[in-house]
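Only one structure is covered here, and it is reproduced in the block below.
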Amino acid sequence: MPGKTQSMVFDQASRPFALYLHWPFCRAKCPYCDFNSHVSNDVDTETFGDALCSEMTHMASLMPSRPPLSSLFFGGGTPSLMPPALVERLIRHAEDLFGFIGDIEITAEANPTSVEAKAMLGFQKAGVNRVSMGVQSLDDLGLKFLGREHSAADALKALDKVNKAFDRVSIDLIYALPDQSPKAWQAMLSQALSFDLGHLSLYQLTIENGTVFHTRQRRGEVMALNDDRAADLYEMTQQMTNDAGLPSYEISNHAALGQECRHNLTYWQAGDWLGVGPGAHGRFALFDKSKNLAIRNATVTRRNPAGWLDAVAAKGHGIDETQIDSPADWASEMVMMGLRLTNGIDLGVIENLCGPCGDWLYGDGVEQVIAAGWLKRMPNQSTLIASDDGRLRLNHILSTILR
Ligand SMILES: C[S@@+](CC[C@H](N)C(=O)[O-])C[C@H]1O[C@@H](n2cnc3c(N)ncnc32)[C@H](O)[C@@H]1O
Ligand code: SF4
């Protein structure tokens, strides 16, 4: 079990540091989505902006010694519904509080409608330099099944506009819909690759608890492709994106070299980030000099937007839960998140921060999954990487190797 190390090297300044801002509102609730999103057409954006700024100031106080931000991410919900002036206000507030590294990545998630594509031009003036657009499908039947409000033609127009304005654009597609044939997915993915974007997020449809799709599935409807056929589409996805120069760097994310999403890498590499807004999660390590130990902290804010606003008005933040992770929990976080990445994990880095892994990681479990071909130990002995097959069975690998 990991524990304290005597010779820890902890350099806060060299750790990636990011800020996540959550905008929890959408025009409609999609039937597959379990994100913290709420339908509202009359948001008091002024009040919300004040509260986001207050909470940001509070979160900054939790990390007194911190490097400048390397990434800022507007996620949702639907951040493309935010007024550009509010985005600008939040970016300026973040810059005043934290400072930005020279080439900071500032991403906004956008839905692909003409209004939102236009709003993105305002976001760009405010400082946003990367757009992640939720296209979801390039055919109208797929979009209808997913309960989306836009058509494929709308998405293509919006994408064209945004792609002309921004250097860095990514789109999200959801595949493995019920009855989706390999041929249909191959055609859609070829079309997506023809846009010549530097980044694609390609998610297999998952049926999440508490969603409309989950209810329909419980009633007996087939809501997603079966696992074997979905695995075939996954394999095809790896092959096609590789051939097109956009290999996967994470289970569902593909990028040209240098176009990886720095923000999400901060999560997967267990870096430090603050989460602001309803239902936002933050995780960051603080160094305790007296113990020569880095301590991993976690925060979660109130999910309900009205409740969150009340909490921020009363105490300056909406944090409902704070947690200090044990070294073993932090090591598990690094393993769980890091094995999603094609570069895998470096046990040396984990042991430096969390203490010797000992039996915990080097036991029979690791050898079993290596023997099954799902995990590879690299020649340096310190790097573990999940194989393509392994990344499809990550939950199984994790339950075998983590005690
Ligand atoms: C925060 S959400 C969406 C952002 C934006 N509001 C939109 O809908 O385009 C981020 C992405 O997660 C993916 N996603 C959400 N729920 C999913 C599910 N049940 N299965 C697969 N992908 C999902 C979608 O591709 C979505 O674009
Ligand atoms: S998928 Fe996007 S638009 Fe749909 S409910 Fe979720 S966050 Fe909102």
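Of note:
- Being closer than 30 Å to residue 94 by Cα and open to solvent by 50 Å² or more (accessible area, probe 1.4 Å) is a property that residue 253 lacks.
- Strands (runs of 3 or more DSSP E) wholly inside segment 53-139 containing at least 3 residues that are within 16 Å of ligand 2 (Cβ to nearest atom) and within 30 Å of residue 322 (Cα to Cα): 69-76, 100-110
- Filter result for the condition that a residue is touching an Asp or Glu at 6+ places or on another chain (Cβ under 8 Å), under 30 Å from residue 49 (Cβ atoms) and small (Gly, Ala, Ser), over 306, 280, 285: 285
- Subset of segment 83-110 that is among the small types (Gly, Ala, Ser) and surrounded by fewer than 17 Cβ atoms within 10 Å (Cβ to Cβ) - its residue that is nearest to ligand 1 (Cβ to nearest atom): 85
- Boolean, residue 128 is under 21 Å from the mean Cα position of the chain (by Cα) and either closer than 26 Å to residue 238 by Cβ or surrounded by fewer than 21 Cβ atoms within 10 Å (Cβ to Cβ) (or both): no
- Between 71, 114, 80, the distinction of being of a type in the set (Ser, Thr, Tyr), surrounded by fewer than 23 Cβ atoms within 10 Å (Cβ to Cβ) and in the same structural domain as residue 25 (by TED's automatic domain parsing) belongs to 114 only.
- Hits in segment 31-51 - residues which are within 16 Å of ligand 1 (Cβ to nearest atom) and either more than 16 Å from residue 75 (Cα to Cα) or open to solvent by 80 Å² or more (accessible area, probe 1.4 Å) (or both): 31, 32, 35, 39, 40, 41, 43
- Among the candidates 165, 224, residue that is more than 21 Å from residue 133 (Cβ to Cβ), open to solvent by 20 Å² or more (accessible area, probe 1.4 Å), of a type in the set (Gly, Ala, Ser) and touching a helix residue (DSSP H, G or I) at 6+ places or on another chain (Cβ under 9 Å): 224
- Within segment 292-331, tally of residues that are at pLDDT 95 or above and not basic (Lys, Arg): 24
- None of 366, 312 is touching a helix residue (DSSP H, G or I) at 6+ places or on another chain (Cβ under 8 Å), assigned to a helix (DSSP H, G or I), without any contact (Cβ under 8 Å) to a residue 40 or more places away in the chain and not small (Gly, Ala, Ser) except 366.
- Some residue of segment 28-47 being of a type in the set (Lys, Arg) and modelled with pLDDT under 95: no
The values are calculated or read from the model by the stated rules, or taken from the named source; none is laboratory data. Nothing here was measured: the structure is a model prediction, and the numbers come from that model. Cβ sites come from the backbone with ideal geometry, for glycine too, and all protein chains shown count toward neighbours. Each accessible area value is taken on the protein alone, full model and side chains, heavy atoms only, with ligands, DNA and RNA left out. Shrake-Rupley method; radii C 1.70, N 1.55, O 1.52, S 1.80 Å.
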